[in-house]
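Step one of this worksheet: look at the structure below.
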Amino acid sequence: MEILFLPKTNLPAFLEALHAHGRLVVPAASGAGQYRYVEYADLPGPEEVALEFLRTALPLKKYFFPAEEVLSTYSEQDGYQEAPLDEEPPILFGPHPCELHGLRVTDKFFTDGYGDYHYERRREGARIIGLGCMPDDKCFCPSTGTDHIEDVYDLFLWEIEAGFVTMVRTPAGHSLVHLDRALFSHIQRDQIVEHQKKLEVRRNSFNRVLPISDLPQLLRFEEDSPAWKELGDSCFACGACSMVCPTCTCFTVFDRTDLSGEQGERVRRWDSCLFRDFTRIAGDELMRPDRAARVSNRYYHKEQGFVEQFGMPSCTGCGRCVDACTAGIDITQVFAKVRGSCER
């Protein structure tokens, strides 16, 4: 891995070089304290890139697993046709370590075994430039081991006073640097020392904790915990946590046909295991009619099911679900209650 230094005064020029090279996506403000990923081409200039952001309303998964997409079309004239993937692969600037860990989870889900063609094609062409962050009171990524990352990205920028310590991890990242190599300099010892001191400050800034090492085992014994009924009574089953989660991959597939019946399209759309109809099957049977069962299923999937299937939890500690929940449910308190019921 090559380590370089990008002065802050050179960041606008680097963003412009990336924009000239391809489709650049960046974080930008979207209301008071709100942020979202947007097309750089839609911004007035590089000064609108929100380096201060912590979490966006929707995660990176929307660029590889869109909220709604046409999988195929059909008509009497042309028969069945795969939907083309016409979008230019993005250069994604700004995702934090927990966000990139989330991408690792969706990569595992969509590419393990029988890969998802649409996800894989979008993912293969993307370039990723990660960005360091400082936590707020909703972050708990050290608990999930997602506060740092050593892969997934092509470049990673850690901010210090005068600029960005830049990790070059892949040949693609090397090529991005060489869009304008003169913008970067070799890292100096004092810059490394400052970077390490800032990482220490960052480590000491996390105050929310979720012990997870024994959660899979704990959950095996707590399927009937009274905590699930209490949470089911609180949850509105609105699905907001699923929509903002960087690792939720539930979807539904349906056909949309025009009134003539001569042509139509097959569509995939985000869904949520919290929705009552998610488990509706033939005969109008519901596999999980009770809200408490749906709530517990979601948390079991995050911390037990995904661990057993893929060897890692699918919660990244990003705090999006805490931020989005209209009922004020906090995932760290969910497992604290379950753990507490076990100890009584």
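The values are calculated or read from the model by the stated rules, or taken from the named source; none is laboratory data. Values in this document were obtained by computation on a predicted structure and should not be read as measured data. All Cβ positions, even for glycine, are placed from backbone atoms using ideal geometry, and neighbour counts span all protein chains on display. Side chains are part of the model used for accessible areas, which takes the heavy atoms of the whole protein and leaves out ligands, DNA and RNA. Shrake-Rupley method; radii C 1.70, N 1.55, O 1.52, S 1.80 Å.
Numbers for the structure displayed
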quantity	calculated
Cα-Cα pairs of the range 111-179 separated by more than 15 Å (percent)	66 percent
Euclidean distance between Cα centres, the range 247-272 to the range 4-35, Å	35 Å
For the range 13-162, average projected area of the Cα convex hull in nm²	11.7 nm²
Selection from 327, 57, 10 lying farthest towards where the dipole of the chain points positive, charges on Cβ	327
Using alpha carbons only: equivalent-ellipsoid semi-axes of the range 140-199, gyration tensor based, whole Å	22, 18, 8
All-pairs Cα distance distribution in the range 182-285, expressed in whole percent, bin size 10 Å	10, 18, 26, 17, 15, 11, 3, 0
Using θ = phi - 60° and Karplus 6.51 cos²θ - 1.76 cosθ + 1.60, couplings along the range 316-329 (whole Hz; Gly, Pro as x)	9, x, 6, x, 4, 5, 5, 5, 8, 5, 6, 8, x, 6
Amide proton proximity set for residue 23, modelled H, under 5 Å, gap of 5+	91
The chain, accessible surface, carbon-and-sulfur percent (1.4 angstrom probe)	50 percent
Cα-centred dipole magnitude for the range 1-114, charges only on beta-carbon of K, R (+1) and D, E (-1), debye, nearest 20	620 debye
Cα-based Rg and Dmax for the range 65-150, where Dmax is the largest Cα-Cα distance (Å)	17.1, 57
Rounded to 5, the percent of DSSP beta bridges in the range 1-131 classed as antiparallel	60 percent
Dipole of the chain [Lys/Arg +1, Asp/Glu -1 at C-beta], most positive-end residue of 204, 29, 101	204
Cut-off under 5 Å, modelled amide H: who pairs with residue 148 long-range	none
Amide hydrogen neighbours beyond the local backbone of residue 35, cut-off 5 Å, H modeled	30, 57
Selected from 186, 96, 148 as most flexible by GNM, with the chain as the system and alpha-carbon contacts under 10 Å	186
Computed over the range 303-344, the ratio Rg/Rh where both radii use C-alpha atoms and Rh is Kirkwood	1.04
Antiparallel bridges, percent of DSSP beta bridges restricted to the chain (to nearest 5)	80 percent
Convex hull volume per residue for the range 266-344, taking Cα atoms only, in Å³	158 Å³
Translational D in µm²/s for the range 122-254 (Stokes-Einstein at 20 °C, 1.002 mPa s, Kirkwood Rh from C-alpha pairs)	113 µm²/s
Fraction in percent of alpha-carbon pairs per bin - 10 Å, the range 1-80	14, 35, 28, 13, 8, 2
Kirkwood hydrodynamic radius (C-alpha pairs) into Stokes-Einstein, the chain, 37 °C and 0.692 mPa s, D in µm²/s	149 µm²/s
Å² per residue, accessible surface of the chain at 1.4 Å	49 Å²
Dipole moment magnitude, nearest 20 debye, the chain about Cα centre, only Lys, Arg, Asp, Glu C-beta charged	1020 debye
Per-selection Kirkwood Rh - the range 283-322 (Cα, Å, 1 d.p.)	11.6 Å
Most mobile listed residue (79, 239, 130) in the chain, GNM with C-alpha springs under 10 Å	79
Ordering of 106-112, 87-93, 310-316, 6-12 by packing [mean C-beta count within 10 Å, highest first]	310-316, 87-93, 106-112, 6-12
